[in-house]
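Here's the structure we're looking at; comments come further down.
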Amino acid sequence: MQAKHLHINPTVTLNLMKSFTTILRSGIAASAIVATASSVQAQSGSDDVQQLREQIRLLDQKLRVLERKQEIKDETAAAAPKPVAVAASDGRVEITSGDGATSLRLRGLVQADYRWFDSANEPADTFLLRRARLVFEGKFNNIFSYVVQPEFAGTIQILDANVNVAVSPAFNVRIGKFKTPVGLEQLQSDPVAFFNERSVATNLTPNRDVGIQLQGDVLNKTLNYTVALLNGVPDGGNNVTGSADFDSDKTVAARLFATPFVNQKDSLFTGLGVGLAVSLGDYATASGRTGGYRTDGQQTFFSYDASVVANGQGVTWSPQGYYYRGPLGILAEYVASSIELQRGALPVREVENFGYNLSVGYVLTGEDSTYRGVTPKTVFNPSAGTWGAFEVVARVSGLDVDDSVFSGGAAGRFAAPNVSASKLTAYGLGLNWYLSRSVRAGFNLYQNKFDLAPDAVPAANALIADDETAFITRLQISF
């Protein structure tokens, strides 16, 4: 017969020896009492007691050695580095240290469009790679984090490159290139907006800039504040290269956004957010003047004359808000922008432009609509009978340019009324199909109506000669 080997658990043995030692000590104590009380106890009994005491002493010594060995083993296990974790989900890859304090995450975004235009004055129908990005995110010691996001579609550039120091949830410091804290829709992540293209109101809100920013959540996370000191970019502007400022003056941007009922999960207004943002700075040279305003179809419908430069103060302010409840989502903002401009040696004039946006979305399949997008309950899988999520969206937006830019005659005006419109009203309808958490198809129809300056006659083949109708389809992968 084959011998069976008995495996002894050191921890169990240690506990048994402790119990046995306790029992022996109790037994010896009882024996000693009996030995003292009995006058007839033989001398040999005393010898037995001494032997038992010696055995207990030896066992106690062995027990202490075993206890120390176990302590060393536990200390060694605690000091050993925990294994690095690698996770992949929906195309996203993340590497995390054993203690979770350090991580590196790789994300990406690809947006491929087909664009159809109705008018002969508009560009040719075309396929377009709208965005192609890789996003590198990481953190160190649970305090320091960074983002590097290059853009490979169109002009290759670095969109974001910044370091964030999270001193506490109420106080963060960010340095580098990031989005200017002004426009509500502008601050929303590209893949999760209601429409393929942002509203025309974002023509007036600055985009990305270089500087330093303080931000945090206070009052039990019901109020977010952001204050930034930036180089300064014009309406809808973007510091493409992250280069040095065109002058020594800086722009201050500040934003307060309140979600007063966010902690009341059963409230009708849990998804309500309201805020106010403002930016203020001095601008000079053509670098401080907007490059032009675009339609929903991304065609320029207004631009300043090449000889017009910024020369003075610029202010942008925007009341804004959203409301999300279940499958319903509403986003609204108003933007007012003023800038002091000059043409040649003519006097400086202040120009005031205004924009607005009201967007509504409803998820037909019942998923929640949020500022961070829609997460489908199922994925597209015809064999399993699942189709993902569907959302219908509608929007009305507009941009009103100061009529004074068209006054002064050919030598004094800031913009040509035969190629630039004074007002744009834009309507949009769309259907979003969420095939999975990472894949979305969008079908958007836009109608842009132009109003011209008084007595203006559009130039031949000018975009503003006819209203713009555009149909933009997009397949997007975001992970």
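The values are calculated or read from the model by the stated rules, or taken from the named source; none is laboratory data. Not measured: the values here are computed from a predicted model. Neighbour counts run over all protein chains shown; Cβ positions are idealised from the backbone, glycine included.
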- Query: Taking VAL393, is it of a type in the set (Val, Ile, Thr) and within 23 Å of LEU341 (Cβ to Cβ)?
  - Reply: no
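Tell me which residues, restricted to the range 284-324, are of a type in the set (Gly, Ala, Ser) and under 23 Å from GLN188 (Cα atoms). Please lay out each step first, then the result.
First, the residues of the range 284-324 that are of a type in the set (Gly, Ala, Ser): 284, 286-288, 291-292, 297, 303, 306-307, 310, 312, 314, 318, 321.
Listed by number, the residues that qualify are GLY291, GLY292, GLY297, SER318, GLY321.
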- Hits in the range 184-242 - residues which are free of Cβ contacts under 8 Å to residues at least 12 places away in the same chain and part of a loop (DSSP other than H, G, I, E, B): ALA193, LEU219
- Query: Pick from VAL274, VAL252: which is at pLDDT 95 or above, assigned to a strand (DSSP E or B) and more than 23 Å from GLU352 (Cβ to Cβ)?
  - Reply: VAL274
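Taking the range 71-94, which residues are assigned to a helix (DSSP H, G or I) and among the acidic types (Asp, Glu)?
Within the range 71-94, the first condition is being assigned to a helix (DSSP H, G or I), and the residues that meet it are 71-79.
GLU71, ASP74, GLU75, listed by residue number.
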- Note on the structure: Within the range 346-365, the residues that are without any contact (Cβ under 8 Å) to a residue 40 or more places away in the chain and assigned to a loop (DSSP other than H, G, I, E, B) are PRO347, VAL348, LEU364, THR365
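State which residue is nearest to ARG198 (Cα to Cα) when the search covers only the range 376-398 and only residues that are surrounded by fewer than 16 Cβ atoms within 10 Å (Cβ to Cβ) and among the small types (Gly, Ala, Ser). Can you show your working first?
So the first thing to find is which residues in the range 376-398 are surrounded by fewer than 16 Cβ atoms within 10 Å (Cβ to Cβ), and the list is 377, 381-386, 392, 394, 396.
Pick out the ones that are also among the small types (Gly, Ala, Ser) and you get 383-385, 394.
Values: SER383: 35, ALA384: 35, GLY385: 33, ALA394: 12 Å.
This residue is ALA394.
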- Query: Given the residues GLY408, GLY412, which is the only one that is at positive phi and exposed (fewer than 15 other Cβ atoms within 10 Å of the Cβ)?
  - Reply: GLY408
- Message: Going residue by residue through the range 197-216, is there one that turns out to be of a type in the set (Lys, Arg) and over 27 Å from ARG130 (Cβ atoms)?
- Response: no
- Which numbered condition trips up GLY232, out of (1) buried (at least 18 other Cβ atoms within 10 Å of the Cβ); (2) among the small types (Gly, Ala, Ser); (3) modelled with pLDDT of 95 or more? (3)
- Item | Single match in VAL335, VAL308 (criterion: farther than 30 Å from TYR225 by Cβ, of a type in the set (Val, Ile, Thr), buried (at least 18 other Cβ atoms within 10 Å of the Cβ) and in contact with a strand residue (DSSP E or B) (Cβ under 7 Å, 6 or more places away or on another chain)) | VAL308
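Within the range 144-162, can one find any residue that is part of a strand (DSSP E or B), closer than 30 Å to THR469 by Cβ and among the polar types (S, T, N, Q)? First the steps, then the outcome.
Filtering the range 144-162 for residues part of a strand (DSSP E or B) gives 144-151, 157-162.
After this cut, where a residue has to be closer than 30 Å to THR469 by Cβ as well, the list is 151.
From the residues that got through so far, the ones that are among the polar types (S, T, N, Q) too are none.
No, the range 144-162 has no match at all.
Within the range 277-305, work out how many residues are acidic (Asp, Glu), buried (at least 24 other Cβ atoms within 10 Å of the Cβ) and modelled with pLDDT under 95. Break it down stepwise before answering.
To start, the set of residues in the range 277-305 that are acidic (Asp, Glu) comprises 282, 296, 305.
Now drop any that are not buried (at least 24 other Cβ atoms within 10 Å of the Cβ), which leaves 296.
Filter again for modelled with pLDDT under 95, leaving none.
Result for the range 277-305: 0.
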- Message: Suppose we filter the range 297-327 for residues that are assigned to a strand (DSSP E or B) and among the polar types (S, T, N, Q); how many remain?
- Response: 6
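Quick one: in the range 84-126, of everything that is among the hydroxyl-bearing types (Ser, Thr, Tyr) and not assigned by TED's automatic domain parsing to the domain that holds GLU197, which residue is modelled with the lowest pLDDT? Lay out the reasoning, then the answer.
Keep residues of the range 84-126 that are among the hydroxyl-bearing types (Ser, Thr, Tyr), which gives 89, 96-97, 102-103, 114, 119, 126.
Adding the requirement that they be not assigned by TED's automatic domain parsing to the domain that holds GLU197 leaves 89, 96-97, 102-103.
Values: SER89: 79, THR96: 92, SER97: 88, THR102: 92, SER103: 93.
Only one residue fits best here, namely SER89.
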- When the range 117-143 is examined, which residues are found to be more than 31 Å from the chain's Cα centre (by Cα) and of a type outside the set (A, V, I, L, M)? PHE117, ASP118, SER119, ASN121, GLU122, PRO123, ASP125
- Task: State whether the residues of the range 142-151 include one that is at pLDDT 95 or above, surrounded by fewer than 16 Cβ atoms within 10 Å (Cβ to Cβ) and within 30 Å of THR295 (Cα to Cα).
- Result: yes
- Task: Determine the pairs where a residue that is under 12 Å from TYR434 (Cβ atoms) and touching a residue at least 40 places away in the same chain (Cβ under 8 Å), located within the range 377-394, has a partner that is among the aliphatic types (A, V, I, L, M) and part of a strand (DSSP E or B) with Cβ atoms under 8 Å apart, the partner being 6 or more residues away or on another chain.
- Result: PHE380/VAL439; ALA389/VAL363; PHE390/VAL363; PHE390/LEU431; GLU391/VAL363; GLU391/LEU431
- Message: Quick check on LEU134: is it under 28 Å from SER478 (Cα atoms), touching a Lys or Arg at 6+ places or on another chain (Cβ under 7 Å) and part of a strand (DSSP E or B)?
- Response: no
